[in-house]
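**Student:** Below you will find the structure I want to go over with you.
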Amino acid sequence: MPIQEGDFVLVNYVIRVVEGGKELVHDTNVEDVAKSAGIYEANRRYEPYLIVVGRSQVLPAIDEELRSMEVGQKKEFTAPPEKAYGPYRDDLVIRVPIKQLMKYGITPRVGRQVEVGGRIGVIKSVTERFAYIDFNHPLAGKELKIELTAVRKLESPEEKVKYLVMRYMPLKEGDLQVAVNDGEAEVRLAREVLRLSDLESRLQLLSNDVKQFLGLKALRIVIELPLAEGAQAPKQAEGTAQTSPQGS
């Protein structure tokens, strides 16, 4: 049965840039491919990537092709710019006075990545008075060759919540437990998550996803902490946080 709108699908992908008759690997979640292409990152998790069909922010070409695939199928296809990162736009190359950049401690240098007005761009050229900053995506106007494998489809609400949690938490499946009953989910996390400086924002993003993708009424996060020997347990367990996916 073909994959459909709203399905939770785990995929493997390899994205190559087609340029000058060559194909260069730009991104992949397959560890062996990343290593052989010289783009391996030691702090990245190489594992199947979760896509909620029609709802996740992925390249239009990937979302479109995934709908014609079945679980276990591998497919290779070409994505033109309009179904990838869009056409290259000359109007996104902005002229900025060098004095303005220097004011913010930015020394203009061709090829340097800078942030201006909340946008990330690359300095394309520099004159005596101005720097020309390119705010196009690095792959804008490029044709991509994509290799996509539909590894597995998640069926149970517990599995779906678990993989949404893993999207935002540096955890493995064995580090969390999930129960879903009567439209409410309870997630028990390993105490290691308390080391995350941005834990609150990660939990908010998770809560938003649970509401948007699953429509659950509530999400309860439980983080269990061991008590020191001889300590008296409080009336309400510490380390327990609760969020709700319901909007105001």
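**Student:** Find the accessible area per residue for the chain; the probe is 1.4 Å, ligands and nucleic acids are left out, and the unit is Å².
**Tutor:** 61
**Student:** Something else about it: Report, by chain and number, residues whose modeled amide H sits under 5 Å from the one on S125, excluding near sequence neighbours (fewer than 5 apart, same chain).
**Tutor:** Y132
**Student:** Same structure again: For the range 80-149 and the range 8-77, write down the distance between their C-alpha centroids in whole Å.
**Tutor:** Measuring centre to centre over Cα atoms gives 24 Å.
**Student:** Can you give the accessible area of E70 in Å² (nearest 10), computed on protein heavy atoms with a 1.4 Å probe?
**Tutor:** 90
**Student:** Could you report the accessible area of L194 in Å², rounded to 10, computed with a 1.4 Å probe on the protein chains as they sit in the structure?
**Tutor:** Result for L194: roughly 90 Å² accessible.
**Student:** Here's something else I'd like to know. So for the range 163-213, taking the charge dipole from beta-carbon charges (+1 Lys/Arg, -1 Asp/Glu), which of V178, L199, F213 sits furthest toward the positive end?
**Tutor:** Final value for the positive-end residue is L199.
**Student:** Okay, next question. Shape of the chain from its Cα gyration tensor (a ≥ b ≥ c, root eigenvalues): rounded if a/c is under 1.5, otherwise prolate when a/b > b/c, or oblate?
**Tutor:** It comes out oblate by the Cα gyration axes.
**Student:** Right, here's the next one. Under a straight-distance cross-link criterion of Cα-Cα below 24 Å, which lysines are reachable from K99, leaving out those fewer than 8 residues away in the same chain?
**Tutor:** Within the straight-line cut-off, K99 pairs with K124.
**Student:** Oh, and also: Return the carbon/sulfur percentage of the accessible area of the chain, one whole number, probe 1.4 Å, all protein chains in place.
**Tutor:** That share works out to 46 percent.
**Student:** Cut-off under 29 Å on the C-alpha distance; same-chain residues fewer than 8 positions from K162 excluded. Which lysines are left, in chain and number order?
**Tutor:** Straight-line reach from K162, under 29 Å: K35, K74, K75, K153, K172, K211, K217, K235.
**Student:** Pairing the Cα long axis of helix 157-168 with the longest principal axis of the chain, what angle in degrees results, from 0 to 90 and rounded to the nearest 10?
**Tutor:** Approximately 50 degrees, to the nearest ten.
**Student:** In degrees, nearest 10, range 0 to 90: what is the angle between the Cα axis of helix 199-209 and the longest Cα principal axis of the chain?
**Tutor:** The helix 199-209 is inclined about 90 degrees to the chain.
**Student:** Pick out, in residue order, every one of the trypsin sites (Lys or Arg not before Pro) in the range 130-235 that is DSSP loop and has at most 11 other C-beta atoms within 10 Å; say none if there are none.
**Tutor:** Taking the range 130-235 and a limit of 11 other Cβ atoms within 10 Å, the loop trypsin sites (Lys or Arg not before Pro) found are K172, K235.
The values are calculated or read from the model by the stated rules, or taken from the named source; none is laboratory data. It should be emphasised that the depicted structure is a prediction, and the values quoted were computed from it without experimental measurement. A quick note on method: Cβ atoms are made from the backbone with ideal geometry, for glycine too, and the neighbour counts reach across all protein chains shown. Surface accessibility is based on the protein's heavy atoms, side chains included, excluding ligands, DNA and RNA. Shrake-Rupley method; radii C 1.70, N 1.55, O 1.52, S 1.80 Å.
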